[in-house]
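J.: Would you mind keeping the following structure in view while I ask a few things?
The values are calculated or read from the model by the stated rules, or taken from the named source; none is laboratory data. In this text, all values refer to a predicted model and were calculated from it rather than measured experimentally. Cβ: placed from backbone, ideal geometry, glycine included. Neighbour counts: every protein chain shown.
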Amino acid sequence: MTTAAQVASIDRLRRSTPRNGWRRMRLGIILALPAALYLLTFFIVPVIQPLVLSLRSYDPARGIGADLTLENYEHILRVPLYGQALLRTLRVALIVVMVTLAMGYPVAYQIAQGRGRLRAYLMFIILAPVMVSGVIRALGWLAIAAPNGPVAFVLRIVSPDEPALLWFTEGLMIVGLVHVQLPFMVLPIMSALRGIPPEVLQAARSLGATDIDVFRRVVWPMSLPGVVAGSLIVFAFVSATYVTPQLLGGPGNRVLATLIYQQNLLGDRPFAASLAVVLMLVAVAAYVVSTGIGRALSRALGR
Amino acid sequence: MAVAVTAVAGFALLPLVTIIAVSLSPSEFIVFPPKGLTLRWYVDAFTSTTYTQAFAFSLLLASAVVVGALLLGVPAAFALVRCEFPGRRVLASMVLGPLFVPGIFLALSLLVFFVQLGIAQTATPLFLGHIVVVLPFVVRFVSVGLVANDIQVIEQAAATLGADPFTVVRRVTLPLIRPALGASILIGFLASFDETVIALFFATPKVMTLPVRLLGDIEFSAAGTLVTAVASMLLVITFVGVLVVDRLYGLDRALIGAVRE
């Protein structure tokens, strides 16, 4: 759900309660004030900082400069390294979206359709890994792809040459990212599929549609909002993720997030901030594009 | 179709199973097939001060963060769902905001903020930052819990029977939202425990969470078997927690719209 949709749903929840005018309002303000002040201080204010900071210069000898300048952004545009990293980030994000969609849709379909125990197990297997730390998941893939690990073992049987190192490759990074993002693609699609009233499917069948027809002309279009939502979530996440690319992709496959951390480590926080702003722009752009697609879809579906 | 789905399920479990399998191998680095079975790495993990300290730190931090998030979030959820006041919608958006800001962006922002305040070397920024991350979960779960199951009907019944508002909350509302509270506590705890990026930005030898410790060891001394033993234990703890959330509340309900690395 988008923020607007979540706010609207909280709104709808709220409207079902009786209101007692001024006392309710005073109570509401008192209850909400601590959280509001806290978020203002430790969320809103900090999050504005990178924007301002990115306009400052940095010198290892003299620290952060006082004047406002666009040199950080110029640097990003001029030095090919950063353009490459940005392209890699976007490319990897797109690939991960497509792979998770291909893998996740059948799973979501099965979960939405299934009954009882099997469905519960499947859902648990797919969703539980979400709460496992990214470090641990990446470690799992490092173990699988280790120089003397299972994959290398199989490769040595198949081919006489020494297998190439799988660590620190873009391929391994993509595999790890797909693994992390899969549940986030499955969830929205599952949600959308569950929202299809069974009567609609029955109606289609009673009008003579085959199973394939039912899927192609009813189920798939009605699941599209879930597909778009899942794609947006996965894309936004992958473009901003740090742990998996760092451990699996290594220094040769830098993405935006690992670049930001590296620059921070080197001390150049203004430059890290400018990269972070670029990251935010990517996320915002993805949101705008997907909202546009969502709206076009709604029109096409006649809602 | 069933084959494809089974394959995907297998894929989902593969790295996790591998970690546990590898942790039982006697070799110091990952070798397949393993040359035997041993629990020595688990023993080493328990006797290693670096890991036990990091574990204790993460435990303490996550507990404190959950308490803080509950103190702020439960009243806020009440206010958002049951009351009307100016700026209510703004607050609703603000509370959900951290879910939509990329982790690394938030981490950098917090670092800059606390460096300016001069306390970036302590555990305080980490504590405060994690509360920002966990707060949306608490508010969401409790908000949903407050409108489910005709709670208000029961509350009104209690009121007509003579209970004052405080008693109603204490003896009717809070018990009825227990599943939601339980789920938010567990998910919030896990979210803070596993959070890596903010913890990384504020990491110092004295301020070291377990995931950051693992991250450092993996990066600088290769993925040795000891690391997998620690990771296995974390895995089991996480799965137990997730199982409880699923029983209490429903894992899919808990995760819809909720995201974090």
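J.: Look through A:LEU101, A:LEU127 and report the one residue that is out of contact with any strand residue (DSSP E or B) (no Cβ under 9 Å at 6 or more places or on another chain), more than 10 Å from every other protein chain (Cβ to nearest Cβ) and not charged (D, E, K, R).
T.: A:LEU101
J.: Output yes when any residue across region B:196-215 is more than 9 Å from chain A (Cβ to nearest Cβ), modelled with pLDDT under 80 and in a helix (DSSP H, G or I), and no when none is.
T.: no
J.: How many residues are among the aliphatic types (A, V, I, L, M), touching a Leu at 6+ places or on another chain (Cβ under 9 Å), more than 7 Å from chain A (Cβ to nearest Cβ) and part of a helix (DSSP H, G or I) if we restrict to region B:71-127?
T.: 4
J.: Quick one: B:ALA180 ticks every box in (1) on the phi < 0 side of the Ramachandran plot; (2) small (Gly, Ala, Ser); (3) outside any helix (DSSP H, G or I) bar one, so which box is it?
T.: (3)
J.: Counting just the residues of region A:223-269 that are surrounded by fewer than 23 Cβ atoms within 10 Å (Cβ to Cβ) and over 26 Å from A:HIS179 (Cα atoms), which one comes out nearest to the other protein chains (Cβ to nearest Cβ)?
T.: Within region A:223-269, the match that is nearest to the other protein chains (Cβ to nearest Cβ) is A:ASN264.
J.: If you don't mind, there's one more thing I want to ask. More than 9 Å from chain A (Cβ to nearest Cβ), of a type in the set (S, T, N, Q), within 22 Å of the chain's Cα centre (by Cα) and part of a helix (DSSP H, G or I): is that true of B:SER192 in this structure?
T.: Criteria met by B:SER192.
J.: If you don't mind, there's one more thing I want to ask. Looking only at region B:137-171, count every residue that is of a type outside the set (A, V, I, L, M, F, W, C) and part of a loop (DSSP other than H, G, I, E, B) and tell me the total.
T.: Counting residues in region B:137-171 that are of a type outside the set (A, V, I, L, M, F, W, C) and part of a loop (DSSP other than H, G, I, E, B) gives 4.
J.: State all residues of region B:26-79 that are hydroxyl-bearing (Ser, Thr, Tyr) and surrounded by fewer than 21 Cβ atoms within 10 Å (Cβ to Cβ); if no residue qualifies, say none.
T.: The answer is B:SER27, B:THR38, B:TYR42, B:THR47, B:SER48, B:THR49, B:THR50, B:THR52, B:SER63.
J.: Now for a separate question. B:LEU248 - would you say it is more than 23 Å from A:VAL47 (Cα to Cα), more than 10 Å from every other protein chain (Cβ to nearest Cβ) and not acidic (Asp, Glu)? Reasoning before the result, please.
T.: Values: more than 23 Å from A:VAL47 (Cα to Cα): yes; more than 10 Å from every other protein chain (Cβ to nearest Cβ): yes; not acidic (Asp, Glu): yes.
So B:LEU248 fits the description; yes.
J.: Mind counting the residues in region A:129-162 that are of a type outside the set (Asp, Glu) and assigned to a loop (DSSP other than H, G, I, E, B)?
T.: Summing the residues that are of a type outside the set (Asp, Glu) and assigned to a loop (DSSP other than H, G, I, E, B) in region A:129-162 gives 9.
J.: OK, next. Considering only region B:143-178, how many residues are in contact with a Gly (Cβ under 9 Å, 6 or more places away or on another chain) and within 11 Å of another protein chain (Cβ to nearest Cβ)?
T.: In the first step, residues of region B:143-178 are kept if they are in contact with a Gly (Cβ under 9 Å, 6 or more places away or on another chain); the result is B:151, B:176-178.
Narrowing the set further to residues that are within 11 Å of another protein chain (Cβ to nearest Cβ) leaves B:151.
Adding up the residues that qualify gives 1.
J.: Residues to consider are A:LEU207, A:LEU232, A:LEU247; find the one that is hydrophobic (A, V, I, L, M, F, W, C), farther than 25 Å from A:THR3 by Cα and modelled with pLDDT of 90 or more. Walk me through how you get there before you give the answer.
T.: Details: A:LEU207 fails: modelled with pLDDT of 90 or more; A:LEU232 fails: farther than 25 Å from A:THR3 by Cα.
Exactly one of A:LEU207, A:LEU232, A:LEU247 is hydrophobic (A, V, I, L, M, F, W, C), farther than 25 Å from A:THR3 by Cα and modelled with pLDDT of 90 or more, namely A:LEU247.
J.: Return only the number of the condition from (1) out of contact with any helix residue (DSSP H, G or I) (no Cβ under 9 Å at 6 or more places or on another chain); (2) surrounded by 13 or more Cβ atoms within 10 Å (Cβ to Cβ) that B:GLY162 does not satisfy.
T.: All conditions pass for B:GLY162, except number (2).
J.: Which residues, counting only those in region A:114-128, are surrounded by 12 or more Cβ atoms within 10 Å (Cβ to Cβ) and either in contact with a Cys (Cβ under 6 Å, 6 or more places away or on another chain) or part of a loop (DSSP other than H, G, I, E, B) (or both)?
T.: Listed by number, the list holds a single entry, A:GLY114.
J.: While we're looking at this one, here's another question. Under 6 Å between Cβ atoms, at least 6 apart or on separate chains: pull out the pairs that start in region B:2-16 with a residue that is facing another protein chain (nearest Cβ under 7 Å) and closer than 20 Å to B:LEU235 by Cα and end on any residue that is of a type in the set (Lys, Arg) and assigned to a helix (DSSP H, G or I).
T.: B:PRO15/A:ARG137
J.: Among the residues of region A:168-177, write down those that are surrounded by fewer than 24 Cβ atoms within 10 Å (Cβ to Cβ) and closer than 18 Å to A:LEU90 by Cβ. Working first, answer last.
T.: Here is the first cut: in region A:168-177, the ones surrounded by fewer than 24 Cβ atoms within 10 Å (Cβ to Cβ) are A:168-171, A:174-175.
Once the filter is applied, which keeps residues that are surrounded by fewer than 24 Cβ atoms within 10 Å (Cβ to Cβ) and closer than 18 Å to A:LEU90 by Cβ, region A:168-177 yields A:GLU170, A:GLY171, A:ILE174.
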